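Here the structure is laid out as structure tokens; the discussion comes afterwards.
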Amino acid sequence: MNILIKNIQSLVNVVDQPDKWVAGEDMSHLNTLDDAWLFIENGKIKDFGKMNSLKENDIQGQVLDATGRMVFPSFCDSHTHLVYAGSREIEYGDKIRGLSYEEIARRGGGILNSSRWLHNTPEDSLYEQSLRRIHEIIALGTGAVEIKSGYGLTVEDELKMLRVIKKLKETTPITIKSTFLGAHSIPAEYKEDTDRYVDVVVSEMLPEVGRQDLADYVDVFCDRGFFTVEQTDRILDASAHYGLRAKIHANELDYSGGIQVGVKHHALSVDHLEFTGDEEIQALLKSQTMPTLLPGAAFFLGLVDPPVRKMIQAGLPIALASDYNPGSSPSGNMKFIMSLGTIKLKMLPEEVVHATTSNGAYAMGVHDELGTITRGKTGNVFITQPIPTYQFMPYAYGSYLIDQVILNGEVQNFSI
Ligand code: NIG
Ligand code: FE
């Protein structure tokens, strides 16, 4: 399918030869092309330029007029748990009354609550519930999403989740990466001997995930009250045998050592990072690991904010992701994540655009195909409603400003 978008007020995040990521001071520069056209041919970005260079007669395909509108590369949401059953608004009530995330988890709520729901939900219903969320995030401008298992916590149920993610990959136009997160929480029967659960993850779950080729990456919740550095080390060592690169939940609840163990294993990303000090920053500076912040979870749970300015000033890149999940961030709205990045984390509008597009793409291993307006990349973009500036996107935090979504060069028709 070929599409020509013309009269674009501003084409945002145009890069001829993108680096692997955008870091430090560079994050505050965003390249745009005003009064532009963009041509997508056979699903790929073929060319773009200024309107005065457009030779429309040479171009065949659907024509969209974007007068007064901007075109962005689709969001790349590198951290979600959007395959889940049911919801957890009852615990949200407990939270409002004063219980912390960890207290709810200790009472058998939290992740274990979702795990019970998931166990009792047939696979096709789990797929249908998750498909609705995929359609929702497509309408919200997301063109690539990483999805984790981790509400199964038994061999059978983890495989069930991963099969649902695989089916979503096969049946939806969005780019999906799948992550095995068997070590997300400790099931009640292993509470007294958590190493025995790690044995199950390493000796029973991983070999099946590997044999059935059901995951692209592996994750561990390496934090206070969940999995230790030693247990994480063991799981990541074992995962390397199956070619699974790590994306770690780290330093959300404490200085857990999760960042360092992730870096040691060449993790693609370490995520959350509320507790990031000088030692963690130094470890990240020597790595190929994307520091990924999840301001939706910090906002929803009332956590401390990560020291993002310090991290950027030290020269690090930053990605932002939604963490879409039923317990700590029940939203996959990446435009709102941009707003939280600016409002709560005091990132600049330019920085949040990089963090939700190209750096998000790196954090899920798709930066060669997605994340910028670059010739040869996949034609995943969205056209905004008429807006005055790109800064208006994070600024107008409650407005739905997306007019048309294009994935693989095809206009999508999902509404929110
Ligand atoms: O990223 N921190 C751990 N896991 C999820 C929460 C999952 C849940 O509560 O269901 C997170 O916040
Ligand atoms: Fe998460």
Got a number for the accessible area of PHE299? Probe 1.4 Å, square angstrom, nearest 10. 110
FRET efficiency, 1/(1 + (r/R0)^6) with R0 41 Å, evaluated for GLN212 and GLU89 via beta carbons: 0.75
In sequence order, calculated HN-Hα J values of region 21-31 (Karplus, 6.51, -1.76, 1.60; Hz; x Gly/Pro): 8, 10, 10, x, 4, 4, 5, 8, 10, 10, 8
Would you please give the FRET efficiency between GLN60 and ASP34, computed as 1/(1 + (r/R0)^6) with r the Cβ-Cβ distance and R0 = 30 Å, to the nearest 0.05? 0.70
Sorted by chain and then number, the residues having a modelled amide H within less than 5 Å of the amide H of HIS81, at least 5 places away or on another chain, are LYS148, TYR324, ASN325
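Which length gain, in nm to one decimal place, applies between ILE343 and THR389 when the Cα-Cα distance is subtracted from 0.36 nm times their residue separation? Don't skip to the end; give the middle numbers.
On the way: separation 46, 0.36 × 46 = 16.56 nm, distance 1.73 nm.
Fully extending the segment from ILE343 to THR389 adds 14.8 nm.
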Backbone N within region 217-259 under 13 Å of label point (7 Å from GLN288 Cα along the Cβ vector): 245-246
Would you look at the GNM of the chain, springs on alpha carbons closer than 10 Å, and say which of GLU25, GLU351, GLU146 moves the most? GLU25
Got a sec to turn the phi values of region 293-300 into Karplus ³J(HN,Hα) couplings, 6.51 cos²θ - 1.76 cosθ + 1.60 with θ = phi - 60°, whole Hz, x for Gly and Pro? 9, 10, x, x, 5, 4, 5, 5
Each residue of region 46-51 in order: what ³J(HN,Hα) in whole Hz does its phi give by Karplus 6.51 cos²θ - 1.76 cosθ + 1.60, θ = phi - 60°, with x for Gly and Pro? 8, 6, 7, x, 6, 4
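Restricting the count to DSSP beta bridges whose residues both fall in the chain, what percent are antiparallel, rounded to a multiple of 5?
On the way: 26 of 58 bridges.
Bridges in the chain that DSSP calls antiparallel: roughly 45 percent.
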Mind grabbing the accessible area of PHE48 for me, 1.4 Å probe, Å², rounded to tens? 20
For ALA319, which sequence-distant residues (separation of 5 or more, or a different chain) have an amide H within less than 5 Å of its own amide H, given hydrogens modelled in the peptide plane? THR292, LEU293
Counting sequence-distant residues (5 or more places) and residues on other chains, those with an amide H built under 5 Å from that of VAL63 are LEU4
Distance between Cα centroids, region 256-282 to region 101-144: provide it in whole Å. 26
Between HIS119 and GLU102, what length comes free when the chain is fully extended (0.36 nm per residue of separation minus the Cα-Cα distance, one decimal in nm)? 3.9 nm
Hits among lysines - C-alpha to C-alpha of LYS169 under 17 Å, sequence gap 8 or more where chains match: LYS148, LYS160, LYS177
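Return one quarter of the surface area of the convex hull spanned by the alpha-carbon atoms of the chain, equal to its mean projected area, in nm².
Numbers: hull surface 74.2 nm².
Its average projected convex-hull area is 18.5 nm².
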Heavy-atom accessible area of PHE414 with all protein chains present, probe 1.4 Å, nearest 10 Å²? 70
State the percentage of accessible surface on the chain attributable to carbon and sulfur atoms; use a 1.4 Å probe and exclude ligands, DNA and RNA. 48
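For GLU89, GLU136, give the ranking by accessible area with the largest first, probe 1.4 Å. Kindly include the intermediate steps, with their values, before the conclusion.
On the way: GLU89 105, GLU136 65 Å².
Listed by decreasing accessible area, they come as GLU89, GLU136.
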Residues of region 15-43 with amide N under 18 Å of the 7 Å Cα→Cβ point at ALA396: none
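The values are calculated or read from the model by the stated rules, or taken from the named source; none is laboratory data. These numbers were taken from a predicted model, which means no experiment stands behind them. For neighbour counting, all protein chains shown are included, and Cβ atoms are generated from backbone atoms with ideal geometry for every residue, glycine included. Heads up: the accessible areas ignore ligands, DNA and RNA and are worked out on the full protein's heavy atoms, side chains in. Shrake-Rupley method; radii C 1.70, N 1.55, O 1.52, S 1.80 Å.
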